[in-house]
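The values are calculated or read from the model by the stated rules, or taken from the named source; none is laboratory data. This structure is a prediction, so every number in the text was calculated from the model and none was measured. When we count neighbours, we look across all protein chains shown, and the Cβ atoms used for this are built from the backbone with ideal geometry, even at glycine. What goes into the accessible areas is simple: the full protein's heavy atoms, side chains included, and nothing from ligands, DNA or RNA. Shrake-Rupley method; radii C 1.70, N 1.55, O 1.52, S 1.80 Å.
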Amino acid sequence: MAQTPQAKYRKDYQSPSHTITDIDLTFELNETQTVVTAKSKLTQLKETTSLKLDGEALTLKQVCVDGENWSNYELLEDGLLVHSLPKQCDLTIVTEINPQGNSALEGLYLSDGAFCTQCEAEGFRRITYFLDRPDVLAKYTTTIVADKKQFPSLLSNGNRIDGGALEDGKHWVKWQDPHPKPSYLFALVAGDFDILEDSYQTKSGRDVQLEIYVDKGNLDRANHAMLSLINAMKWDEERFDLEYDLDIYMIVAVDFFNMGAMENKGLNVFNSKFVLANEKTATDTDYLGIEAVIGHEYFHNWTGNRVTCRDWFQLSLKEGLTVFRDQEFSSDLGSRAVNRINNVRIIRGPQFAEDASPMSHPIRPDKVIEMNNFYTLTVYEKGSEVIRMIHTLLGEANFQKGMSLYFERHDGTAATCEDFVSAMEDASGIYLKHFRLWYSQSGTPVVKVKSHFDAESSTFSLEVEQYTPATQEQSEKQPLHIPLAIELYDSEGSLVPLVLGGEKVSNVLNVTDSHQVFTFENIAEEPTPSLLLDFSAPVRLEYEYTDEELGFLMVHARNEFARWDAGQMLLAKYIKSNVERVQANQEVELPPAVVEAYRGVLLNEDLDPAFVAEAMTLPSFNEVSGWYDLVDVDAIDFVLTTFKKQLAIQLHDDLERVYSSSAQSDYSLEHSAIGKRALRNRCLSYLAHTDKGFELVEQQYKNATNMTDTMAAMQAANSAQLSCREHLMSDYSQKWKHDGLVMDKWFQLQGTNPDKEALSVIKETMAHEAFSMKNPNRVRSLVGSFMNMNPVAFHSKTGDGYKFAGGILRELNDSNPQVASRLLDPFLKLKKYDQHRQKLIKDELVSLKNMHNLAKDLYEKVTKALEE
Ligand code: B3K
Ligand code: ZN
């Protein structure tokens, strides 16, 4: 590596020396030589002699000040230093860029022949020299010039104000965005698309034109995205009283994209995975994902765009809050319990794992080398949990008052997390001083609860202890303010009122010290406590439940989430004890009472089928791994597989009955229909492990009328290693090989193939006509799924899995460091494996570290992992 990358620290924030109030951009588009002319209105804010502009991978053509040529500047490795500027001036910079050569997909690049941009976090500096930081807000005017036939659609932020034809087959369009914005929200798209059009009238009467741009021929796959957008616009008006603020809202779907989507003002750019769906090509999970991501990007218009972040350390200000909003949107439209279950799975699985890894960081990080490395589960998902805790502590009404005050104070500006918490505090009168520690302390708190019933005094006490284990970057931890929601049940399953010190109290206990005792009065018999209701805080709960208590909660807890959670705790107990048994060479034993508890859930017709499907799902390998300091890959995998088989055999008749009785003749996206399909397909995933498996799976594949059922059959064949797997796989590939997005599901099955020979098949699969190392979706589907969801093959003691991954990472380091850096994450957990595996992983990390051109994205993670 040329130079050791430098870290930036949150504490070093300084406001900018200059600001840019207006920028006029002209793009003369060309695949390899696009000319960008940027005319900025510049104002000096601080005493200084020079202006440092950010810039990367640019060829500078000209600098002018107030229309005159300017030569008093220095070209730096990471930008341009312009000297002796007047205090106010028009600065014009002409640069040339090469979109075709841009495989990092950051800045202006080509996706299948269409021009598109990605500027967050620091990609605008690959378009022109600029103050590429979120606290410089300018009004943008953008003119795009391109060949008319090849690029009939020329798009940018705001409203289209002018356009026309030019000589030699070119045309031009001018866009103006009236809302000042930071450079990361800039977007440009040019291409030849099919357009789905609709409209929406906001509650105050503004007519908004809605347009979704998709590749030619994909129009029949854009309807669900449009419906989701309209639902999101309506929901934000109803729940948050927030309206859209431009006359047009555009979404463009592209195939080459590093992440999910991007909330550019008025012109969202989306990974086509989160736009395109019809029943033949997308599963129910895909549909729900589209709804969530369309909602998320739309909600950013207020939480992110109207109020943006002062600096990138504040990222969770917009991301945690917007994730909270999209989770609420999905919960209000669909099943709240199922949404909560899935969100909690992410926290308890990969987020807890991240918090225990060398990349552990607070939701508001203190130190960053490459900002793109901090679009993490911690900033997003844990960030959302922190907002949810504020919501729990304040209640909906106060929370909404806080939101209004936040917008009143900060609309049109760049704010901090502190600004948000202050607005919540001031609007509600609820003190959040101690609570703020969630923003600066990393790691997962452990909450240990013990209970004691005293018949004589009719009291029941909960003794609560909390501690947060040290993380790599933060050794000292303090007790947090944890909202611990609880309920107590009597033996009939009725709620016991909570009385503390003679007063009725709410069910949210404020845990603030490392040790606290809550003694509830007037308790006639020993109650069963339901703890951490709805996962009221992102902590690991420890409480010694008996099997009977968990079985009781699975039936009697009022809240579906609590019932699901009790089932998970029951399984967890036996997964842990059986891992020990396997390590001691004993057989796996699943107690009959556990099987019966699951039969009870499966056969309870009062329950929502969507909920039953979740309740019948075993914790993932990754979640279970998180319970251990040292992960025994083979033992955990063996226990989980054996549980699955044993449940399948013992519940066989009931599974089969539910499977056949929940068949549906028509396909609909009603939540009840989605739930029924989920339950039926969950049954199939078990039945695949029985004698009937082959027959049922083949039949379902043959008769499927939608992708949800097709994929369920294929997944079942894959994980149960049925002999029909090969045939189904080749049939599918024959049918869909022309469509990369649909093939991603197939690549993922190859990646997660539990077969011993999986890796050699994966290597062959890379030659498949639909695969390309240049496309992030393809890489993630095949290689990402192998590294994250094929534990036995990836962690093979031969080291072959690690070597394969290492090779891919080295290749991607050169072409697309952002994708490489994300893919690297499983290697960061090396300390969780035995010495032999640790050594093998370390070899791969060292070989990355020794690369002469190691990107700073990878440098940051590799050095942290090796420091540990
Ligand atoms: N804000 C973008 C993510 C940008 C990631 C940059 N590496 C999408 C989102 O969170 O909505
Ligand atoms: Zn976001």
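For GLY295, state whether it is within 16 Å of ligand 1 (Cβ to nearest atom), in a helix (DSSP H, G or I) and under 21 Å from GLY675 (Cβ atoms). Yes.
One residue stands out among those in region 586-614 that are more than 18 Å from GLN646 (Cα to Cα) and in a loop (DSSP other than H, G, I, E, B): the one that is most open to solvent (accessible area, probe 1.4 Å), which is GLU605. Residues that are more than 16 Å from ligand 2 (Cβ to nearest atom), more than 18 Å from ALA613 (Cβ to Cβ) and charged (D, E, K, R) within region 278-299 comprise GLU279, LYS280, listed in sequence order.
Those strands (runs of 3 or more DSSP E) of region 195-284 in which at least 2 residues are open to solvent by less than 10 Å² (accessible area, probe 1.4 Å), within 26 Å of TYR375 (Cβ to Cβ) and among the β-branched types (Val, Ile, Thr), considering only elements entirely within it, cover 207-215, 248-254. Any idea which of (1) assigned to a strand (DSSP E or B); (2) closer than 30 Å to ALA253 by Cα is the one CYS64 doesn't satisfy? Checking CYS64 against (1) assigned to a strand (DSSP E or B); (2) closer than 30 Å to ALA253 by Cα, the one that fails is (2). Selection of region 11-41 for residues being in contact with a Pro (Cβ under 7 Å, 6 or more places away or on another chain) and surrounded by fewer than 17 Cβ atoms within 10 Å (Cβ to Cβ) yields only GLU31.
Residue-level analysis places MET359 among those that are within 16 Å of ligand 1 (Cβ to nearest atom), touching a residue at least 24 places away in the same chain (Cβ under 8 Å) and either touching a strand residue (DSSP E or B) at 6+ places or on another chain (Cβ under 9 Å) or not in a helix (DSSP H, G or I) (or both).
Residues that are open to solvent by less than 10 Å² (accessible area, probe 1.4 Å): list the helices (runs of 4 or more DSSP H) wholly contained in region 758-802 that include at least 2 such residues.
Working: elements: 758-765, 776-779, 785-789, 791-794.
Filter on region 758-802 gives 758-765, 776-779, 785-789.
ALA277: among the aliphatic types (A, V, I, L, M) and touching an Asp or Glu at 6+ places or on another chain (Cβ under 6 Å), yes or no? Here the answer is yes, as ALA277 does meet what is asked.
Residue count for region 839-868 satisfying the condition of being closer than 18 Å to MET359 by Cα, open to solvent by 40 Å² or more (accessible area, probe 1.4 Å) and assigned to a loop (DSSP other than H, G, I, E, B): 1. ILE93 meets all of the listed conditions (1) in contact with a Cys (Cβ under 9 Å, 6 or more places away or on another chain); (2) at pLDDT below 95 but one, namely (2). Right, LEU647: closer than 19 Å to ALA720 by Cα, of a type in the set (A, V, I, L, M, F, W, C) and either at pLDDT below 95 or open to solvent by less than 60 Å² (accessible area, probe 1.4 Å) (or both) or not? Here the answer is yes, as LEU647 does meet what is asked.
Every condition in (1) closer than 30 Å to ALA253 by Cβ; (2) within 32 Å of the chain's Cα centre (by Cα); (3) open to solvent by 30 Å² or more (accessible area, probe 1.4 Å) is met by PRO99 except one, and the failing one is (3). When you scan region 467-484, how many residues do you find that are in a strand (DSSP E or B) and open to solvent by less than 10 Å² (accessible area, probe 1.4 Å)? Qualifying residue count for the region: 3. Only one of the listed residues (TYR701, TYR667) is open to solvent by 20 Å² or more (accessible area, probe 1.4 Å), out of contact with any strand residue (DSSP E or B) (no Cβ under 7 Å at 6 or more places or on another chain) and not in a helix (DSSP H, G or I). That residue is TYR667.
If you take the residues in region 300-315 that are part of a helix (DSSP H, G or I) and within 11 Å of ligand 1 (Cβ to nearest atom), which one is nearest to VAL386 (Cα to Cα)?
First pass over region 300-315, keeping only residues part of a helix (DSSP H, G or I): 312-315.
With the extra rule that they be within 11 Å of ligand 1 (Cβ to nearest atom), the set shrinks to 312, 315.
Working: TRP312: 18, LEU315: 13 Å.
This residue is LEU315.
When the criteria are applied in full, ILE369 fails the requirement of being within 16 Å of ligand 1 (Cβ to nearest atom), touching a Lys or Arg at 6+ places or on another chain (Cβ under 9 Å) and closer than 19 Å to SER536 by Cβ.
For region 232-245, the count of residues that are within 14 Å of ligand 1 (Cβ to nearest atom) and either of a type in the set (Val, Ile, Thr) or more than 15 Å from LEU333 (Cβ to Cβ) (or both) is zero.
Taking the criterion of being under 26 Å from the mean Cα position of the chain (by Cα) and part of a helix (DSSP H, G or I), the residues of region 827-838 that qualify are PHE827, LEU828, LEU830, LYS831, LYS832.
Please go through region 399-426 and pick out each residue that is open to solvent by 10 Å² or more (accessible area, probe 1.4 Å), within 30 Å of PRO16 (Cβ to Cβ) and of a type outside the set (D, E, K, R).
Going through region 399-426, the residues open to solvent by 10 Å² or more (accessible area, probe 1.4 Å) turn out to be 400-401, 404-405, 407-414, 416, 418-419, 422, 425-426.
Still in the running and within 30 Å of PRO16 (Cβ to Cβ): 404-405, 407-414, 416, 418-419, 422, 425-426.
If the condition is that a residue be open to solvent by 10 Å² or more (accessible area, probe 1.4 Å), within 30 Å of PRO16 (Cβ to Cβ) and of a type outside the set (D, E, K, R), then SER404, LEU405, PHE407, HIS410, GLY412, THR413, ALA414, THR416, SER422 are the ones that fit.
Among the residues making up region 128-157, those that are polar (S, T, N, Q) and under 24 Å from LEU315 (Cβ atoms) are THR128, ASN157.
Kindly state which strands (runs of 3 or more DSSP E) lie completely within region 502-578 and contain at least 3 residues that are under 17 Å from VAL449 (Cα atoms) and not basic (Lys, Arg). Full working, then the answer.
On the way: elements: 508-511, 515-520, 528-531, 540-542.
It comes to 508-511, 515-520, 528-531.
Restricting to region 493-515, what's the tally of residues that are open to solvent by 30 Å² or more (accessible area, probe 1.4 Å) and either at pLDDT below 95 or closer than 13 Å to GLN466 by Cβ (or both)? Counting residues in region 493-515 that are open to solvent by 30 Å² or more (accessible area, probe 1.4 Å) and either at pLDDT below 95 or closer than 13 Å to GLN466 by Cβ (or both) gives 5.
Reported count of residues in region 312-338, each being open to solvent by 10 Å² or more (accessible area, probe 1.4 Å) and either within 9 Å of ligand 2 (Cβ to nearest atom) or acidic (Asp, Glu) (or both), is 2. Return a yes/no flag: does region 382-391 have any residue that is within 14 Å of ligand 1 (Cβ to nearest atom), charged (D, E, K, R), under 17 Å from ALA537 (Cα atoms) and open to solvent by 20 Å² or more (accessible area, probe 1.4 Å). Within region 382-391, not a single residue is within 14 Å of ligand 1 (Cβ to nearest atom), charged (D, E, K, R), under 17 Å from ALA537 (Cα atoms) and open to solvent by 20 Å² or more (accessible area, probe 1.4 Å).
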